[in-house]
1. Using label points projected 7 Å from each Cα along Cα→Cβ, tell me how many nm separate Gln57 and Ser166, to one decimal.
2. Around Glu153, which amide H atoms from residues at least 5 apart in sequence, or from another chain, sit under 5 Å from its own amide H, with H modelled in the peptide plane?
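A short reminder: the numbers here are calculations on the coordinates, not readings from a lab. Just so we're clear, the structure is a prediction, and the values are computed from it rather than from any experiment. Methodologically, a virtual Cβ is constructed for each residue, glycine included, from the backbone with ideal geometry; neighbour enumeration extends over all protein chains shown.
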Amino acid sequence: GTFSCWIKRSSTTDAHNVLFSAHLDRTVIRFTGDHLRVTDFGYSGSDGTVWSLVTNQDFRDFGGWMSIIVAYDTTQGTASNRVKLYVNGERVTSFSSETYPAQNRDTWWSSTQEHHIGDRLSYGGSPTQWFDGYLAEVNFIDGLAKAPADFGETGDYGEWKPKAYSGTYGTNGFYLSF
């Protein structure tokens, strides 16, 4: 699957940092302070952290929009190709913490479980964290790991800019323009 969005942050507070979550808080895309984090905690509390990527790069620009894309495909033979993180069209390869899922590992991504944009639910079903900022052009593709060129392109001045996604969304996929 693939999650793609454009964001403009307004806060670095940990309680205001969640972009996406699936099945309560089992799979989460969020900021931890200035670092972007993508984590999957598996199917049960006993699984622990199944995979996690935490960027070395700091994201402190509250004045500009940025594109975030996470592409997930556990069928890949190379572990680092199973989860790919892109910011403004460029693949992030420098992580302070880097653990990849096992090959063919199931996940909550693209499952029939509830998915959330801009918040994270507790096990009681109440929002515990949310996103303080702006979201736009949210695409969730079910069943396909897509590339940045499917969601953006380089502009006349070298800037990364959005473009309309023209592919299929799959069974549980969606588009939110905001």
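1. Placing both labels 7 Å beyond Cα along the Cβ direction yields 2.7 nm.
2. For Glu153, whose amide H was placed from the backbone, the distant partners under 5 Å are Lys161, Lys163.
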